[in-house]
Amino acid sequence: MASKLDFMRFPAPDGVNGWWESMPPAAPARSVTGEARFDFVVVGGGITGLCAARRLAELAPDASIALVEADRIGRSTAGRNSGFFVDLPHDISSESYSRSVEADKADVRLQRHGIGYVRDTVKANGIDCDWRDDGKYHASVNKKGHAALTHFADGLARIDEPCEWLDESAIASVTGTRFYQSALFTPGCSTVQPAALMRGLAATQPSNVMVFELSAVKGMETRGPTKRLNFANGAIEAKRVVLCTNAYAATFGGHPNGLLPVYTFASMSRVMTDNEIARLGGMNSWALIPADPMGTTVRRLATNRICVRNHFAFRPNLSVSDGDLAKAKHLHQRSFDRRFPMLDEVELQHTWGGALCLSANNGALFGQREDGVFEAVGCNGLGLSRGSAAGKLIAEHALGQSNELIDQLLKQPHPRSLPMRPIADVAVSAAIWMKEFSAGAEL
Ligand SMILES: Cc1cc2nc3c(=O)[nH]c(=O)nc-3n(C[C@H](O)[C@H](O)[C@H](O)COP(=O)(O)OP(=O)(O)OC[C@H]3O[C@@H](n4cnc5c(N)ncnc54)[C@H](O)[C@@H]3O)c2cc1C
């Protein structure tokens, strides 16, 4: 039976990705031109697609696999994030990241599976991406934040996960700033330079994977057992397709499906001088998330830059305006100045946004969408660890394997559908505004 899937939204520049800019120029991209045939096509070169393509290649070494990415790999969302591979519960729609004991345990199992896969890949291939297994700090700025951390610590105790409290001076000796009142250290989080990781994962794909960049799929037609993917300058035919396009799947076929493209924004400072580094003090690399999920994430990088992330905006058209970026930069500068008054001459060099793929019920899409078409979509804000796992596992599922984690993903709820636009726009934007307002000082 013939069927058709139109891809309605495509990646836009959305500011200047500081991680990408601080790397050496990328090698020229290979794009799709003319006609080609593969056994598998993986669509989307984020963390999910990179893991899916690799796993397919590992398990089916005789299969030919194309990995197609609309932008450059490492420049789009998976290379735009704050670089936290979070192992613990991290429900950003809750007040304190936790859910039920059972859900939290299942999340941890899945996320560690993903982290382990990528960590092993990084080590085996010598990928230079500043991979660190140094843990993360959850920090609070006031009593309300401390109460949220206490709630989070209780949740961790219930699932037998260790954490360590730091008082005001202990967290100051890590960060150099006295902005935070208390913190919880959790040891299992890994951090990376995300653009370097994505580029490294693409460059070290097994030899039966061919990577195409600057190649947006415009549409897919199914004719019997064959899928035909159309690009601006060519087409690929394949037996099976794996869709890993995250937020860009929110309008697949023009129909809303409950996936919510919500942007968040980050800025990176210029490199600090020796004098500024001395004035700041603290450790030369640390990673901190706010007690309130809507607050400000901060990383001090070993390259002597500081990266801050905050602010969310519902952008169903999957692009942000200059006004969005200017607002984000303003908020980032304010957050930076409040935390680092000793760095008053350090300007934020790059500001950018990227699309998360949220849903009202933390649901996601995983499994077979139609005959021969698989999907792993819906990061719910935690794409690095969950996307790694979902990418690896969708490849295993597409090759007929089954295991407990695949079952876990197959059983997760689908994204809950929303009211039609513009009601959905108003409802989602109002919910974000209220949560940001309530985060208050944590911003
Ligand atoms: C500022 C910021 C900070 C964040 N911090 C963190 C963090 O610290 N930890 C964390 O886990 N997550 C974080 N995230 C979220 C994380 O980046 C995402 O969850 C992650 O990128 C999802 O990975 P993915 O591969 O599923 O999707 P994506 O990274 O979105 O990859 C999908 C890819 O599909 C491509 N694509 C789309 N349409 C097409 C098409 N038609 N043809 C070809 N290719 C197409 C896109 O260009 C994109 O590269 C952050 C996000 C942002 C923006």
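Values for this structure:
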item	result
Scan of the range 196-218 for residues that are in a loop (DSSP other than H, G, I, E, B), within 16 Å of the ligand (Cβ to nearest atom) and either within 23 Å of the chain's Cα centre (by Cα) or of a type in the set (A, V, I, L, M, F, W, C) (or both), ordered by number	Gln205, Glu213, Leu214, Ser215, Ala216, Val217
Val428 being surrounded by 18 or more Cβ atoms within 10 Å (Cβ to Cβ) and more than 16 Å from the ligand (Cβ to nearest atom)	yes
Exclusive hit being closer than 29 Å to Trp433 by Cβ and more than 15 Å from the ligand (Cβ to nearest atom), set Ser359, Ser321, Ser385	Ser321
Within the range 313-339, considering residues that are under 30 Å from Met420 (Cα atoms) and of a type in the set (Gly, Ala, Ser), the one surrounded by the most Cβ atoms within 10 Å (Cβ to Cβ)	Ala328
Neighbours by Cβ (under 8 Å, 6+ apart or cross-chain): first from the range 334-355, over 29 Å from Pro261 (Cβ atoms); second of a type in the set (D, E, K, R) and assigned to a loop (DSSP other than H, G, I, E, B)	Asp337/Asp344; Val346/Arg270; Glu347/Arg270
Matching residues, the range 219-257, being within 11 Å of the ligand (Cβ to nearest atom), among the small types (Gly, Ala, Ser) and under 19 Å from Gly34 (Cα atoms)	Gly219, Ala232
The range 264-289, residues that are within 17 Å of Gln333 (Cβ to Cβ), away from the ligand (no atom under 12 Å from the Cβ) and in a strand (DSSP E or B)	Ser269
Some residue of the range 313-320 being touching a residue at least 24 places away in the same chain (Cβ under 8 Å), closer than 23 Å to Ser22 by Cα and not in a loop (DSSP other than H, G, I, E, B)	no
Pairs with Cβ under 9 Å, 6+ apart, first in the range 276-302 and without any contact (Cβ under 8 Å) to a residue 24 or more places away in the chain and polar (S, T, N, Q), second surrounded by 16 or more Cβ atoms within 10 Å (Cβ to Cβ) and in a helix (DSSP H, G or I)	Asn284/Ile277
Which listed residue, of Gln181, Gln193, is within 13 Å of the ligand (Cβ to nearest atom), of a type outside the set (Ser, Thr, Tyr) and under 30 Å from Ser140 (Cα atoms)	Gln193
Test: residue in the range 92-102 that is at pLDDT below 95 and within 15 Å of the chain's Cα centre (by Cα)	yes
Residues satisfying the stated conditions in the range 340-379, i.e. farther than 22 Å from Phe179 by Cβ and of a type in the set (Phe, Trp, Tyr)	Trp352, Phe366, Phe374
Matching residues in the range 38-67 - criterion: being more than 8 Å from the ligand (Cβ to nearest atom), buried (at least 22 other Cβ atoms within 10 Å of the Cβ) and outside any helix (DSSP H, G or I)	Phe38, Phe40, Val41, Val42, Ile65, Ala66, Leu67
In the range 349-379, the residues that are in contact with a helix residue (DSSP H, G or I) (Cβ under 6 Å, 6 or more places away or on another chain) and in a strand (DSSP E or B)	His350, Thr351, Gly354, Ala355, Cys357, Phe366, Gly367, Phe374, Ala376, Val377
Some residue of the range 173-191 being in contact with a Gly (Cβ under 9 Å, 6 or more places away or on another chain), within 16 Å of Ala66 (Cα to Cα) and among the β-branched types (Val, Ile, Thr)	no
Filter result (within 23 Å of the chain's Cα centre (by Cα) and within 24 Å of Ala247 (Cβ to Cβ)) within the range 24-45	Ala26, Ala29, Val41, Val42, Val43, Gly44, Gly45
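Residue-wise test of (1) surrounded by fewer than 17 Cβ atoms within 10 Å (Cβ to Cβ); (2) in contact with a strand residue (DSSP E or B) (Cβ under 9 Å, 6 or more places away or on another chain).
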residue	(1), (2)
Val108	no, no
Gln111	no, yes
Gly114	no, yes
Lys123	yes, no
Asp133	yes, yes
Asn142	yes, no
Ala148	no, yes
Pro162	yes, yes
Trp165	yes, yes
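The values are calculated or read from the model by the stated rules, or taken from the named source; none is laboratory data. Since the structure is predicted, the reported quantities are computational estimates derived from the model, not experimental observations. With ideal geometry, Cβ positions are generated from the backbone for all residues, glycine too; neighbour counts draw on all protein chains shown.
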